[in-house]
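So the structure is just underneath, and the comments pick up after that.
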Amino acid sequence: MIRTCLVCQSAFEAASDDPAITQGICLQCSEGFVAPAPVIALSELLNQIEVPVLLMDDDVRVAGYNRAAHALLGGQHHNLSGRLAGEVIECVNARLPGGCGQTENCKGCALRHAITTTHQTGQNKHNILAKQLDMLISTEKVGRFVLLRIDDTQKL
């Protein structure tokens, strides 16, 4: 049945065949009445997580983090974004020539291995002992990033 749009006055095909309904709102105009989904900043979303988390890109660089992670790892760095994982956790190997991920010792880094494996395979890791870092970590693939959760920071 053909109806007239109350907003733009154009004719449109209605789904309902009820002859008592002669007007309505066309699809194009109805889209203007639907409020867009609320936009939430990444930092605000991450801050809803109580434990320390870092959002890692495929280069093992921090793409985002929450307050708990900054409080734990921020140290002298105001902003953790863009830093390599080894720099953020102040790994001694990250200070060697070549830096984080480029030394012979980095091949055995549980943190780097968990992040890259999760990126490549999508396989989540849980309570991985990052011995050289004195912490337990977990990873989860989230879109094109890996969410790195610091589960325990006690001396192991």
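A short reminder: the numbers here are calculations on the coordinates, not readings from a lab. Treat the numbers as computed from the prediction; the structure is a model and nothing was measured. Neighbour counts run over all protein chains shown; Cβ positions are idealised from the backbone, glycine included.
Computed values, structure above
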item: Exposure proxy ranking, count of Cβ atoms within 10 Å, fewest first, for ARG144, ARG83, ARG67; result: ARG144, ARG67, ARG83
item: Mean projection area, nm², convex hull over Cα of the range 42-152; result: 6.4
item: Gain on full stretching of the segment that runs from ILE2 to GLN28 - 0.36 nm per residue minus C-alpha separation; result: 7.8 nm
item: Unit charges on C-beta of K, R, D, E only; dipole of the range 42-152, Debye; result: 180
item: Extension gain, GLU104 back to GLU50 (0.36 nm per residue minus Cα-Cα distance, nm); result: 16.0 nm
item: Under-5 Å amide H pairs with ASP151, H placed in peptide plane, nonlocal only; result: LEU136, ILE137, SER138
item: Stretch gain in nm, segment SER43-GLN123, where the contour uses 0.36 nm per residue and the Cα spacing is subtracted; result: 26.3 nm
item: FRET efficiency, LEU96 to ALA71 (Cβ-Cβ, R0 22 Å, nearest 0.05); result: 0.20
item: ASP57-GLU140 FRET efficiency (beta carbon distance; Förster radius 22 Å; 0.05 resolution); result: 0.95
item: Relative contact order computed over the range 42-152 (Cα-Cα under 8 Å; 6+ residues apart), in percent; result: 24
item: Residue exposure sequence - LYS131, LYS141, LYS107 - by fewest surrounding Cβ within 10 Å; result: LYS107, LYS131, LYS141
